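These notes are about the structure you will find just below.
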Amino acid sequence: MTDKDHEVLQIFTSRVHPLSVKLSEMLNEHYLHQSERRGCGYTQATRVLAEYVNTIRDATDYQDLKLFEAWEAKNFRQLKDQSSSYQLDVPDWHNLDQNVQVQEFLANAPDSDYKQQLQAEYQRQYALRGLSNHAQLEESKLICDLIEDVILPKTRDETGVVELKNRIEKPKVGSCPMAENFFLKIAHRRVLRQGEINIFIDELGEPLLMEKMNMGDNHSCISLRPVIMNGVRLPAGSLFSVDYDIEQVAQKIPNQQYSGYVIPHNAVDGFWFLRLTTLAVSPAHRKRAFSTHFEQQVANGLFSPGTTELQQLMDVALAQLE
């Protein structure tokens, strides 16, 4: 670890466990990840994290640990295999730090190799919880939260945010660095004549996501508020894809201003998380966070990528409900 490493890498190395070489190269903006197709390393890192977000957390699977460098799955297997010998019930290695039996065992059991091994894994997860509080940069906090929730999945009851269903298969919708293009235009109410927007709402009728049609890739969505998927909190400004037949959606209401509909989010089969958009970070920090991705948007003449705020899209969405 060096002072030149991305803040996220420094925090994980010093407080929890080093991240994988792949994520480290991305967050440190290796030139291979600053291509026209990838945008920048930060963007590419959120695409990698999307692979985990779109996977259901599994108590018997240890793939989530691949986010880290040499965080050994065999340790958890051994802890689980031997747990019954210590009258412990460890059904899932996720959220180990909140397992009451584990907490009581560590507080009261005599020293043993098993206890030391359990203590080490408990401590690592305990240090991971709330890790974003140690980050200074806005974009670092977002990455810390994403990684935390893959290992320490959350629920709707815990977070108070709406849970989105996850599609089984990824729709054929791209996530190129220019995917923000039409959302930026919509924010400034520059909707193409043939364009349509659909507003996905929650159970209280409040906007959750905006979908665009006949403007670039169809069925591309941006979240207007934080949501949760497969236990992972996703910030407002996340890019999703969806696939459905509007004619098959019974509970739809025409928009007030633009072509398109207001649709309950649970009226479709589910969504697929693609990456964070540049709009997930406030305008003041967007250039720093997204480096060459942001520069590419400016060079390609996207509409006000450095000043547009998510609230402008929310305002457009709210206007369709009135």
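Which of the residues that make up segment 29-69 are touching a Gly at 6+ places or on another chain (Cβ under 7 Å) and crowded, with 16+ Cβ neighbours inside 10 Å? Spell out how you get there, then give the answer.
Let us first name the residues in segment 29-69 that are touching a Gly at 6+ places or on another chain (Cβ under 7 Å), namely 29-30, 33-34, 57.
Within segment 29-69, Glu29, His33, Gln34, Arg57 qualify.
When you check Thr307 against the structure, is it modelled with pLDDT of 95 or more and over 15 Å from Glu211 (Cβ atoms), yes or no? Taking the combined requirement at face value, the residue satisfies it.
Restricting to segment 90-108, give me the number of residues that are of a type in the set (D, E, K, R) and either at pLDDT 95 or above or in a helix (DSSP H, G or I) (or both). Give the steps one after another, and end with the answer.
Initially, segment 90-108 is screened for residues of a type in the set (D, E, K, R), giving 92, 97, 104.
Pick out the ones that are also either at pLDDT 95 or above or in a helix (DSSP H, G or I) (or both) and you get 97, 104.
Total satisfying the criteria: 2.
Kindly indicate whether any position in segment 211-221 is of a type in the set (S, T, N, Q), over 26 Å from Lys287 (Cβ atoms) and touching a residue at least 60 places away in the same chain (Cβ under 8 Å). No, that holds for no residue. Beta carbons closer than 7 Å, at least 6 apart along the sequence or on distinct chains, pair a first residue in segment 232-253 that is among the aromatic types (Phe, Trp, Tyr) with a second that is crowded, with 16+ Cβ neighbours inside 10 Å and modelled with pLDDT of 95 or more for Phe240/Leu209; Phe240/Cys221; Phe240/Ser223; Phe240/Phe271; Phe240/Trp272; Phe240/Phe273; Phe240/Leu274; Tyr244/Val268.
Of all residues in segment 235-263, those being more than 30 Å from Gly41 (Cβ to Cβ), open to solvent by 30 Å² or more (accessible area, probe 1.4 Å) and of a type outside the set (Phe, Trp, Tyr) number 12. Of all the numbered requirements in (1) of a type outside the set (Lys, Arg); (2) buried (at least 18 other Cβ atoms within 10 Å of the Cβ); (3) at pLDDT below 95, Gln87 misses one, and that requirement is (2). Within segment 116-144, residues that are farther than 19 Å from Leu88 by Cα reach partners that are among the hydroxyl-bearing types (Ser, Thr, Tyr) and in a loop (DSSP other than H, G, I, E, B) with beta carbons closer than 8 Å, at six or more positions or on different chains, in the pairs Glu138/Ser282.
Tally up the residues in segment 283-322 that are within 23 Å of Ile199 (Cβ to Cβ) and among the aromatic types (Phe, Trp, Tyr), please. If you could, list the steps in order and put the result at the bottom.
Our first condition is that a residue be within 23 Å of Ile199 (Cβ to Cβ); within segment 283-322, this holds for 302-305, 308-322.
Now drop any that are not among the aromatic types (Phe, Trp, Tyr), which leaves 303.
Residues meeting the conditions: 1.
The set of residues from segment 296-322 being polar (S, T, N, Q) and either open to solvent by 40 Å² or more (accessible area, probe 1.4 Å) or outside any loop (DSSP other than H, G, I, E, B) (or both) comprises Gln296, Gln297, Asn300, Ser304, Thr307, Gln311, Gln312. All told, Asp157 falls short of being in contact with a Ser or Thr (Cβ under 8 Å, 6 or more places away or on another chain) and not small (Gly, Ala, Ser). Residue count for segment 1-24, restricted to those that are open to solvent by less than 80 Å² (accessible area, probe 1.4 Å) and either of a type in the set (D, E, K, R) or not in a helix (DSSP H, G or I) (or both): 9.
Every residue in segment 148-187 that is in a loop (DSSP other than H, G, I, E, B) and either of a type in the set (Phe, Trp, Tyr) or open to solvent by 60 Å² or more (accessible area, probe 1.4 Å) (or both), please. Of everything in segment 148-187, those that are in a loop (DSSP other than H, G, I, E, B) and either of a type in the set (Phe, Trp, Tyr) or open to solvent by 60 Å² or more (accessible area, probe 1.4 Å) (or both) turn out to be Thr155, Gly160, Lys165, Ile168, Glu169, Lys170, Lys172, Cys176.
The values are calculated or read from the model by the stated rules, or taken from the named source; none is laboratory data. Just so it is clear, the model here is predicted, and its values are computed rather than measured. When we count neighbours, we look across all protein chains shown, and the Cβ atoms used for this are built from the backbone with ideal geometry, even at glycine. Side chains included, ligands, DNA and RNA excluded: accessible areas come from the protein's heavy atoms. Shrake-Rupley method; radii C 1.70, N 1.55, O 1.52, S 1.80 Å.
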